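See structure below.
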Amino acid sequence: MAIEVEVFGQLLPGQPRQYQFAVAQPVTVAEVAAWLKLATDEIGLISINGVQSELNDIVPVDCRLCFFPPMTGG
Amino acid sequence: MKLLRVDMKELAVKSEAVPAAYEHLGGRGLIAELLLAEVPPRCDALGPHNKLIFAPGMLGGAGVTTAGRLSIGGKSPLTGGSKEANAGGTAGDTLGKLGIKAIVVENQPAKPEFFVLHVTADSAELLPAGPVLGLGTYATADALQKQFGEDATVLAIGQAGEQRLTGADIACTGIEEQRSNHAARGGLGAVMGSKGLKAVVIDKADGLSVPLADAELFRTASKSFAQGLINDPKLGPKGGTHMYGTAAITGAVNEMGSFPTRNFSTGRFEDAANLRGEKIREVVLARGGRMGTRCMAGCVIGCRHVFVDEAGAPVVSTLQYETLALLGSNLGLGNLDQVASLNYMCNDFGLDTIETGAALGVALEAGLAPFGDFDAILALLKQVGEGTVIGRLIGSGAVATGRVLGIRRVPAAVGQAMPGYDPRSLKGNGVTYATSPMGADHTAGNAFGARATTNPLLVTGQKELSLKLQIISAMLDSTGLCLFARPPVIADPQLMVDMLNGIYGWGWTKADLDKANRQVLRTELEFNRRAGLTAADYRIPEYMREEPLAPHQVTFDIPDTDLDAVFETL
């Protein structure tokens, strides 16, 4: 069971954008962010399988988790 | 300040003092009031009774960062209602410094002829279009700047506007390499063509400035406003908008399942990674292009770039998100160079990339070419400039294309094509598309990014969110501010009040500002009502309520009663 993670935009500059984590039990979005050393105040948007999510949401196994910086449409 | 009235029948220009009723207005707000007062709402949008209005925002020329946008308006041949579209560049700032509150173009030439309007600090005259007739917008701007000065501003239509195609827009020159900024939506290029006006040339406002009623108040507020933009994590020098441009959002919109793909048939595109701002930055910098450039002098955001080809030669400045969505994923194209080529062609013909991309998507669904076949799509688009029947069809926009080709799946609302967010999975934008007096227009109230308040997949809260955003947009469009510049004035509306009071000495309060913003929408809605638009027009296409959109398998399920109730608290 794995979590596929992608980091967008200016988050984690100079580091890979894509990650795979093998997990044995459910974790929260905040825990995954901590594994990446991703400062939570730099995150603007989170999605799990394309659904808008929050830091304290549980990340289901075998999912895709994305972190985006703050963004604006225009 | 003054109004310039340009009579295209008598070929005369006269200057008049700004009537008292218009003194506290600018940009979109002024256009709305002028249209309601002076244009018969049921007139032919391409006939002599419509008017084409150029109006800087209320901050135009005063030196506020990002506030030099030019509003252009008239009755739209697409929506049939009140329309304003705005563009960056140098026009808004220059007209503000010249003390010109609006240029109102009226009537039509007695016989089919085209003219150029030349505006200077103390005069304005109509000249025969001569050799620029038939040229694209790039060549038109080059020729007129050669004739009138490299620092003159040129507003021009291309072949699409000359043919009065309803997908036509108006190109505005900008600073340095940002030579092609477009007041794109609503078919206003066709209105300009119907007036026999090929271009407007505005001389640089040398040595002129906007008088300030309270210089200290103005400078303090405008400085705080600029600092607010610089400090904003989205917009400052380390923000995504500056680093990656408007396409900073491509990855997120695709991930959230709202990225228009193959005529809005799915919300995710398999090649979306190639259309992201991150990819643009990588390609542009590797080829020697420039990122973080500006369309207006003094802009502290710098969302633009110069997209160059493999040899390092400029192609377009700039590849915008909406263009990447409508001319890219919507056509099954995941190649930046291909999208840039289509973008250049649209710019040169003077075509709205959103309307044209949507029209092409409908044409591909009808079988005129396969999705993803760049050469075939390019051949279709070329025909707009050639004036073939197919070209005129594509250039007339999505609704016309769908009607002629028998396609029911037309992504449009109130006659105008949808921008780069499928409303089924970004429902707040769907409410704006359906209810805005502007028609389907993301700049009228874009809900993308409003995550703190509203889940884009849910019904709850969307109508309230849309109304709030539409009121804010009315303010931005009336003051000449860039859409991106909203965070500081949303956080502290007093900044806007102080900037306006600093220029004009009106003694406005925040309540006055809010009242003025709301009045813009009321006036536009009233024009549209008188033009014959009813609740039945303010709707999302039926198929979007019935066909689930992948990957979330959602339909547009905001009840009509919610759409009808958006403006109840306006």
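Go through the stretch B:289-325 and give me each residue that's aliphatic (A, V, I, L, M), touching a helix residue (DSSP H, G or I) at 6+ places or on another chain (Cβ under 6 Å) and farther than 28 Å from B:Thr261 by Cα.
Correct list: B:Val300, B:Ile301.
Tell me which of these B:Asn446 doesn't satisfy, since it passes every other one: (1) in a helix (DSSP H, G or I); (2) within 14 Å of chain A (Cβ to nearest Cβ).
Result: B:Asn446 passes all but (1).
Restricting to the stretch A:48-64, name every residue that is within 10 Å of chain B (Cβ to nearest Cβ) and either buried (at least 22 other Cβ atoms within 10 Å of the Cβ) or assigned to a loop (DSSP other than H, G, I, E, B) (or both).
A:Asn49, A:Gly50, A:Glu54
Give the residue that is farthest from the other protein chains (Cβ to nearest Cβ), with candidates limited to residues of the stretch B:248-266 that are of a type in the set (A, V, I, L, M) and under 21 Å from the mean Cα position of the chain (by Cα).
Selected residue: B:Val253.
Could you tell me which of the residues B:Asp214, B:Asp169, B:Asp206 is farther than 16 Å from B:Val116 by Cβ and modelled with pLDDT under 95?
B:Asp206
If you scan the stretch B:203-229, which residues turn out to be of a type outside the set (Phe, Trp, Tyr), away from chain A (no Cβ under 14 Å) and outside any loop (DSSP other than H, G, I, E, B)?
B:Ala215, B:Glu216, B:Leu217, B:Arg219, B:Thr220, B:Ala221, B:Ser222, B:Lys223, B:Ser224, B:Ala226, B:Gln227 - these are the residues of the stretch B:203-229 that are of a type outside the set (Phe, Trp, Tyr), away from chain A (no Cβ under 14 Å) and outside any loop (DSSP other than H, G, I, E, B).
Here are some residues: A:Gly14, A:Gly9. Which one is among the small types (Gly, Ala, Ser), assigned to a loop (DSSP other than H, G, I, E, B) and within 19 Å of B:Ala247 (Cα to Cα)?
Result of the check over A:Gly14, A:Gly9: A:Gly9.
Would you call B:Thr460 over 19 Å from the mean Cα position of the chain (by Cα), within 14 Å of another protein chain (Cβ to nearest Cβ) and surrounded by fewer than 24 Cβ atoms within 10 Å (Cβ to Cβ)?
yes
Restricting to the stretch B:230-249, and then to whatever is assigned to a helix (DSSP H, G or I) and in contact with a Pro (Cβ under 9 Å, 6 or more places away or on another chain), can you tell me which residue is surrounded by the most Cβ atoms within 10 Å (Cβ to Cβ)?
B:Ala248
Is there a residue in the stretch B:408-423 that is within 14 Å of chain A (Cβ to nearest Cβ) and either over 27 Å from B:Gly161 (Cα atoms) or part of a helix (DSSP H, G or I) (or both)?
Checked the stretch B:408-423: at least one residue is within 14 Å of chain A (Cβ to nearest Cβ) and either over 27 Å from B:Gly161 (Cα atoms) or part of a helix (DSSP H, G or I) (or both).
Return the residues of the stretch B:130-163 that are in contact with a Gly (Cβ under 7 Å, 6 or more places away or on another chain), within 18 Å of B:Glu113 (Cβ to Cβ) and in a loop (DSSP other than H, G, I, E, B); say none if nothing qualifies.
B:Ile157, B:Gly158, B:Gln163
Looking at the stretch A:3-25, which of its residues are away from chain B (no Cβ under 14 Å), surrounded by 12 or more Cβ atoms within 10 Å (Cβ to Cβ) and not aromatic (Phe, Trp, Tyr)?
Result: A:Ile3, A:Val23.
For residues that are more than 11 Å from chain A (Cβ to nearest Cβ) and either part of a loop (DSSP other than H, G, I, E, B) or within 24 Å of the chain's Cα centre (by Cα) (or both), scanning just the stretch B:273-286, find the one that is nearest to B:Ala325 (Cα to Cα).
Checked the stretch B:273-286; the qualifying residue nearest to B:Ala325 (Cα to Cα) is B:Leu275.
Of B:Thr90, B:Thr120, B:Thr79, which residue is among the polar types (S, T, N, Q) and in contact with a Cys (Cβ under 9 Å, 6 or more places away or on another chain)?
B:Thr90
In this structure, is B:Gly406 at pLDDT below 95 and either of a type in the set (Ser, Thr, Tyr) or surrounded by fewer than 22 Cβ atoms within 10 Å (Cβ to Cβ) (or both)?
No; evaluated as a whole, the condition is false for this residue.
Collect the residues in the stretch B:313-337 that are in contact with a Lys or Arg (Cβ under 7 Å, 6 or more places away or on another chain) and within 14 Å of chain A (Cβ to nearest Cβ), keeping them in residue-number order.
Result: B:Thr318, single match.
Quick one: would you say B:Met1 is surrounded by fewer than 21 Cβ atoms within 10 Å (Cβ to Cβ), within 27 Å of B:Cys299 (Cα to Cα) and aliphatic (A, V, I, L, M)?
yes
Of the residues that sit in the stretch B:230-247 and are within 7 Å of chain A (Cβ to nearest Cβ) and touching an Asp or Glu at 6+ places or on another chain (Cβ under 8 Å), which one is nearest to B:Leu324 (Cα to Cα)?
B:Thr246
Being within 19 Å of B:Tyr504 (Cβ to Cβ) and in contact with a strand residue (DSSP E or B) (Cβ under 8 Å, 6 or more places away or on another chain) is true for just one of B:Gly74, B:Gly96. Which residue is that?
Only one candidate passes the filter, namely B:Gly96.
Take B:Phe269 and decide whether it is at negative phi, within 12 Å of chain A (Cβ to nearest Cβ), assigned to a loop (DSSP other than H, G, I, E, B) and buried (at least 21 other Cβ atoms within 10 Å of the Cβ).
So B:Phe269 fails the test.
Only one residue in B:Leu513, B:Leu476, B:Leu483, B:Leu521 is surrounded by 23 or more Cβ atoms within 10 Å (Cβ to Cβ), out of contact with any Phe, Trp or Tyr (no Cβ under 6 Å at 6 or more places or on another chain) and under 24 Å from B:Thr65 (Cα atoms). Which one?
Going through B:Leu513, B:Leu476, B:Leu483, B:Leu521 in turn, the sole match is B:Leu476.
Which of the residues belonging to the stretch A:28-47 are part of a strand (DSSP E or B) and within 13 Å of chain B (Cβ to nearest Cβ)?
Hits for the stretch A:28-47 are A:Leu45, A:Ile46, A:Ser47.
Looking at the stretch B:142-173, which of its residues are small (Gly, Ala, Ser) and either in contact with a helix residue (DSSP H, G or I) (Cβ under 6 Å, 6 or more places away or on another chain) or under 17 Å from B:Ala184 (Cα atoms) (or both)?
Those that are small (Gly, Ala, Ser) and either in contact with a helix residue (DSSP H, G or I) (Cβ under 6 Å, 6 or more places away or on another chain) or under 17 Å from B:Ala184 (Cα atoms) (or both): B:Ala143, B:Ala152, B:Ala156, B:Gly158, B:Ala160, B:Gly161, B:Gly167, B:Ala168, B:Ala171.
It is to be established whether one or more residues within the stretch B:288-309 are farther than 30 Å from B:Gly236 by Cβ and either charged (D, E, K, R) or without any contact (Cβ under 8 Å) to a residue 40 or more places away in the chain (or both).
yes
The values are calculated or read from the model by the stated rules, or taken from the named source; none is laboratory data. If you're wondering where the values come from, they're calculated on a predicted model, not measured in any experiment. Every residue, glycine among them, receives a Cβ derived from its backbone with ideal geometry; neighbour counts consider all protein chains shown.
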